[in-house]
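A short write-up of the structure that comes next.
All of the numbers you see were taken from the coordinates with simple rules; none came from a lab. What you are looking at is a predicted structure, and each value in this text was computed from that prediction instead of being measured. Note that each Cβ is placed from the backbone with ideal geometry, even for glycine, and that neighbours are counted across all protein chains shown.
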Amino acid sequence: MEQAIVRERVELKVADGTKMAAYVARPQEEGPHSGVIVLQEAFGVNSHIRDVTERFAREGYVAIAPELFHRTAPGFEGRYDNFASVAPHMKAVTMEAAEQDLQASYAWLTARLDVNTDDMFCVGFCLGGKISFLANTVLPLHATASFYGGGIAQELLSRAPNVKAPMLLAWGGLDKHIKPEHRAAVTEALTASGKEYVNVEFSNADHAFFCDERPSYDARAAEQAWVLLLEFFRSE
């Protein structure tokens, strides 16, 4: 039986002096609950990301989705057919800024009395998939997941030795945005660093196969990935 949930928007103070809005969904029942940071695609904390956040809440998590574009476009929700409007904000998300946003989100979760601070997770999609990899190097998480995280191979491989927790990597085999050699580079770096991970490629799925609001949505792959994601978090 799914849990009744509460939805709310909160404002977080970030170390650089900025303020960051975030969407929160949590179980109505008293905790303690696991905590999870849900990291957006390049198109903002839109209806899809809010839905994922709520799905986690129904599974018993206190889930927070921070607005990574809060410095350049607070409240931004881009159209999937207009990447040009998204690109400037995406490029403005430096790894230093993202670290500060992650720390603020983690601090908000761990300050709550209804969150079990020993059971903390992070998942990200697209841009958020890259930031979730980063989160695994800077936060004391129990496990993390990266769905089609573009840019990891180009920007974050040097951080592989700093990965702290088991990681689930999910890719679309038909993804032209993230090349096979880039996917391989990520797993090779984790292997070389002796890190624990699960690497899954959905051979008939494309980039963003998990998002049911995009043409590339693959219902079967998305359903399988969701079950895998929940089991991965629960088993760690």
Legend entry - Paramagnetic label zone (point 7 Å from Cα along Cα-to-C-beta, V198; backbone N under 11 Å) in segment 115-159: 144-145
Inset, instruction - Per DSSP H run of at least 4 residues, take -39500 (n - 2.57); add these up for the chain, divide by its residues and hand me the 222 nm value, nearest 500 deg cm²/dmol. - result: -10000 deg cm²/dmol
Legend entry - Phi to ³J(HN,Hα) by Karplus 6.51 cos²θ - 1.76 cosθ + 1.60 over segment 146-152, Hz, x for Gly, Pro: 10, 9, 5, x, x, x, 4
Legend entry - Loop trypsin sites (Lys or Arg not before Pro), segment 167-236 (other Cβ atoms within 10 Å of the site Cβ: 12 or fewer; DSSP): K176
Inset, instruction - Quick one: divide the alpha-carbon radius of gyration of the chain by 2.2 N^0.38 Å and tell me what you get. - result: 0.93
Inset, instruction - Using R₀ = 30 Å, calculate the FRET efficiency as 1/(1 + (r/R₀)^6) where r is the Cβ-Cβ separation of N162 and D51; round to 0.05. - result: 0.40
Legend entry - Contour minus Cα-Cα distance for E11 and L174 (0.36 nm per residue): 54.9 nm
Legend entry - Inter-probe distance in nm under a simple model that places probes 7 Å from Cα toward Cβ, at R234 and Q3: 1.3
Legend entry - Spread of Cα-to-Cα distances over 10 Å intervals beginning at zero, given as percent, for segment 1-130: 14, 47, 31, 9, 0
Inset, instruction - Please find the FRET efficiency linking E155 to Q103, where r is the Cβ-Cβ separation and R0 is fixed at 25 Å, and quote it to the nearest 0.05. - result: 0.85
Legend entry - Of all DSSP beta bridges in segment 1-92, antiparallel share, percent nearest 5: 80
Inset, instruction - Could you tell me which trypsin sites (Lys or Arg not before Pro) in segment 10-112 are loop residues by DSSP with no more than 15 other beta carbons within 10 angstrom of their beta carbon? - result: R79
